[in-house]
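The next block holds one structure in the form of structure tokens; read it before the comments.
The values are calculated or read from the model by the stated rules, or taken from the named source; none is laboratory data. Keep in mind that this is a model prediction, so the values were computed, not measured. Cβ: placed from backbone, ideal geometry, glycine included. Neighbour counts: every protein chain shown. Areas reflect the complete protein model, heavy atoms only, side chains present, ligands, DNA and RNA absent. Shrake-Rupley method; radii C 1.70, N 1.55, O 1.52, S 1.80 Å.
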Amino acid sequence: MRNEVKIILVLMISIVLVSCRPAGESPDGKTVARDVKPLRIGYMICDGIEETRARFEPLTRYLQAESGIPVEAVYLNTFEVPEAFERGELDIVHSNSLLYVIMHEKGLLPFAGEKRGSMGYQSAGGIVVKAGSPVKELADLAGKRMVFGPQLAPTGFLTQYELLLDAGIDPELDLEYYAIPWGAYKHEKVLYGVWLGAYDAAAVPLLDLERMIQDGRVGPEDLRVIAMGDPIPYCVFGVSPAVAPDIAGRVRSLLLNLVPGDTAEVDGEMLLVLRRAGVDGFVPITDYDFDRVREMARKTNMPPYQKF
């Protein structure tokens, strides 16, 4: 009878210890805290939700495994990102630099810049025409047809709008017509729109033009850049001030120290985190890095400074 009591006591103690243990195992066997509120990372959807998830799920898994903090990815359309942040639903946000400026007005802090291509964590917006086009300079665009990227794209709309205004061309009055493509892959669509002759000029991030030339989707002699804006941050991470400094510091350190060989497991497959995300790495940024974006937004009557 005494032995049975001992066995029952041992089992009860074991159950209590297991139920009180604050950690579990991630897919790669590393400890992940169970009693910590999940860190919600909001990713701006770029070229469709499946493309964005495929890019950033390995990064999300990596941050969880290496930090020991449960991390939840949230994928949001461009206009939904600032709204979700303002409601307090996001702890960390991955977005373009104009969305950062908008959310900074509500408290978002700079976290890390995304490094891609020849300009590092920056890119510039350009206006391109077909190689044989008679359009030689911005003044020649008066009365012409132009295609822009998404309206909240800093190097696909904002920069080019400012370039036209500075050249004395009001896009609302002086262009014959301008359009913004529907659906995903808008930056690619604007380039093809000019290359195929549907428009006289296109607003494009030069990083995307560089990438498409490298991939062989357009030739280096197919298009001609007639104007280029100032370099500004491309895609960035921001963090809510509500995130505990130690947790924010741990995650930021992981981002800044990612190297090409770092991997994460997704659906049983080990994936290279940076390669899958399509970035070269992450670098420190400050709020001052966004001052040029703010200047452009004010000049073009764009959020968060628009006046109706």
>> If you restrict to DSSP beta bridges whose two residues both lie in the chain, what percentage is antiparallel, to the nearest 5?
In response: 70
> Dividing the alpha-carbon radius of gyration of segment 211-308 by 2.2 N^0.38 Å (N being the number of residues), what value is obtained?
Replying inline: 1.49
>> Over 5 Å intervals from 0, what percent of Cα-Cα pairs in segment 196-237 sits in each interval?
In response: 5, 16, 27, 26, 16, 7, 2, 0
> How much accessible area does ARG61 have with a 1.4 Å probe, in Å² rounded to the nearest 10?
Replying inline: 80
> When the chain is treated as a GNM, springs tying every alpha-carbon pair under 10 Å, which of ALA248, ALA202, ALA139 comes out with the largest mean-square fluctuation?
Replying inline: ALA139
> For THR78, THR52, what's the largest-to-smallest order of accessible area, 1.4 Å probe?
Replying inline: THR78, THR52
> Just how much of LYS130 is accessible, in Å², when a 1.4 Å probe is used and the result is rounded to the nearest 10?
Replying inline: 90
> Averaged per residue, what accessible surface does the chain expose to a 1.4 Å probe, in Å²?
Replying inline: 49
> How far is helix 245-256 tilted off the main Cα axis of the chain, in degrees rounded to 10, range 0 to 90?
Replying inline: 60
> If all Cα-Cα distances of segment 140-275 are sorted into 5 Å bins from 0 onward, what percent lands in each bin, rounded to whole numbers?
Replying inline: 2, 8, 15, 16, 15, 12, 10, 8, 7, 5, 2, 0
> Using all Cα-Cα distances in the chain, what percent lands in each 10 angstrom bin from 0 up to the longest?
Replying inline: 6, 25, 29, 19, 10, 5, 3, 2, 1, 0
> When DSSP assigns beta bridges and you keep just the ones with both residues in segment 101-233, what percent turn out antiparallel, to the nearest 5?
Replying inline: 70
>> Please list, by residue number, every one of the GluC sites (Glu not before Pro) in segment 146-240 that is coil in DSSP and has at most 14 other beta-carbon atoms within 10 Å.
In response: GLU172, GLU176, GLU221
>> Less than 26 Å apart at the alpha-carbon level, and either on another chain or at least 8 residues along: which lysines does that give for LYS299?
In response: LYS106, LYS136, LYS144, LYS186, LYS307
> If ASP208, ASP170, ASP91 are ordered by their accessible area, calculated over protein heavy atoms with a 1.4 Å probe, which sequence runs from highest to lowest?
Replying inline: ASP170, ASP91, ASP208
>> Per residue of segment 112-120, what does 6.51 cos²θ - 1.76 cosθ + 1.60 with θ = phi - 60° give for ³J(HN,Hα)? Whole Hz please, x for Gly and Pro, Karplus curve as stated.
In response: 7, x, 8, 9, 8, x, 6, 9, x
> Any idea of CYS46's accessible area? Nearest 10 Å², probe 1.4 Å.
Replying inline: 50
>> As an exercise, take the mean of 1/r over every pair of distinct alpha carbons in segment 105-157, invert it, and state the Kirkwood radius in angstroms.
In response: 14.4
> Got a sec? What order do TYR178, TYR62 fall in by accessible area at 1.4 Å, biggest, i.e. largest, first?
Replying inline: TYR178, TYR62
